[in-house]
Amino acid sequence: MNDVTTRKYIKIKFEGVFYRLSSKKRNPKTGEPDRIYCFCYTDAQGKGHWKTVGRHSEGVRPALAKRERAKFIAEIADTGIDPAARDRVTVGQLVDAYLTWGRSEGKYVDQHYSQYRAHLKAKIHDLPVSDLSAGLLSNLKAKLLATPKGNTKSKKNVAVESVSRAKPRKTLAGQTVNCIFSFLRSAINRGIATGAWSGANPLSTRGGTWKMVKPDNERLRFLTRDEAKALLDDLEKRHPQLHDMVLLSLRTGLRPAEMFKLKGQDVDANACGLYILQKGGKRVFVRVPEDMIRMLQAYNRKSAEPIFQQPRKKVAFKKTPACFQTAVRKLNLAPEDGDSLYAITLHTMRHTFASWLAQSGQVTLMELQKLMRHKNITMTMRYAHLFPGQESEKLSIIESILV
């Protein structure tokens, strides 16, 4: 019975509850082999299983093992699902199921999945969900946010680098990291809702230890009139469809993903507007200028056809064509230090739309919120400093006092 070299389960007074002696760890108080409390149960097929509750040295006692067994068996009776088997469900199984469901429901999941695949999949996809501890998740978050260190250069590498320069790894913005973990959290929530997995979501911010990143990634850069005109002129020759997307966003404030999803049936010439599929799958009506309606109608797309199509595949764009950044670099619009806050992207056109309206002095903050389709005024407040004000005149008061 005391032979700790073999695994032997020792019965105690509670039904189905046993303990075994650890072959490696001893109780620090008694010096004897540590007791590991377990219980046995049978599954729906009548097959017996063992489940470990915990160690005596960690505070586990026979009464606790008894209660855990009773709760475990009650859950099997209520749901018909073996909780132990459910605990073996992997992150990948929940992510794949969520991705399939999200696509069938028209959810905005593919872009977030591509971010997850690029940065987290190799690390956690095959892990049981129960292994996603707070420490592991925080460590992963810290690594995604870590600024890559510059490579040290030796003299013998200078000639090689002058011919072929390896691109340094880009630092992920805080909001991108949040999107990746939000996607993962949604996949786990979906698994809990469908009964595929049980337990608390380790990425829950309600009462849990998980904290999302507080990003400082609001775009500070918007185009001047001359820059916008130069970009449009370049893209008109380089990529006519991309030119039209840039122009449409500048004129209406549409998001890139909203333009990518536009179909022939979404253009309503009679009402002079577009039916936009927003993030989350909600469809809303947005009024647009008449010349933009005519521009979109000129594509002559069928009802279910994407208006903007990849030239060879004839399918909707999933991301901004690479030649956009080619034009940005050619026009010297990209920040020299690579600071993402000043980077020019297709989304910058929406930011420019809002900034120009704010600077005009012809719209109120509330009107801008409606035009931008922001859920709350906080999102619109980032443009408040652009509204014409009397701050300069007020500051001159101090000057007059000092004279």
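The values are calculated or read from the model by the stated rules, or taken from the named source; none is laboratory data. Everything numeric here is computed off the predicted structure, so don't read it as measured data. Using ideal geometry, Cβ is built from the backbone for each residue, glycine included, and neighbour counts are taken over all protein chains shown.
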Subject >> Residues of the stretch 338-372 satisfying the condition of being among the polar types (S, T, N, Q) and in contact with a helix residue (DSSP H, G or I) (Cβ under 8 Å, 6 or more places away or on another chain) >> reply: Thr345, Thr352, Ser355, Gln359, Gln369
Subject >> Criterion (at pLDDT below 90 and touching a strand residue (DSSP E or B) at 6+ places or on another chain (Cβ under 9 Å)) met by exactly one of Arg61, Arg7, Arg86, Arg103 >> reply: Arg7
**OP:** Specify the residue that is modelled with the highest pLDDT; the eligible residues are those in the stretch 210-262 that are among the polar types (S, T, N, Q) and outside any helix (DSSP H, G or I).
**Re:** Thr224
Subject >> Identity of the residue in the stretch 181-200, crowded, with 20+ Cβ neighbours inside 10 Å and more than 16 Å from the chain's Cα centre (by Cα), that ends up farthest from Ala118 (Cα to Cα) >> reply: Trp197
Subject >> Single unsatisfied condition, Thr326 versus (1) of a type in the set (Ser, Thr, Tyr); (2) without any contact (Cβ under 8 Å) to a residue 60 or more places away in the chain; (3) surrounded by 13 or more Cβ atoms within 10 Å (Cβ to Cβ) >> reply: (2)
Original post:
How many of the residues in the stretch 320-347 are under 21 Å from Ala257 (Cα atoms), at pLDDT below 90 and outside any helix (DSSP H, G or I)?
Top reply: 1
**OP:** Please determine, by comparing only the residues of the stretch 275-311 that are of a type in the set (A, V, I, L, M, F, W, C) and in a strand (DSSP E or B), which one is nearest to Leu368 (Cα to Cα).
**Re:** Val286
Original post:
If you check Met295 against the conditions, is it in contact (Cβ under 8 Å) with a residue 24 or more places away in the chain, in the same structural domain as Met381 (by TED's automatic domain parsing) and within 18 Å of Cys323 (Cα to Cα)?
Top reply: no
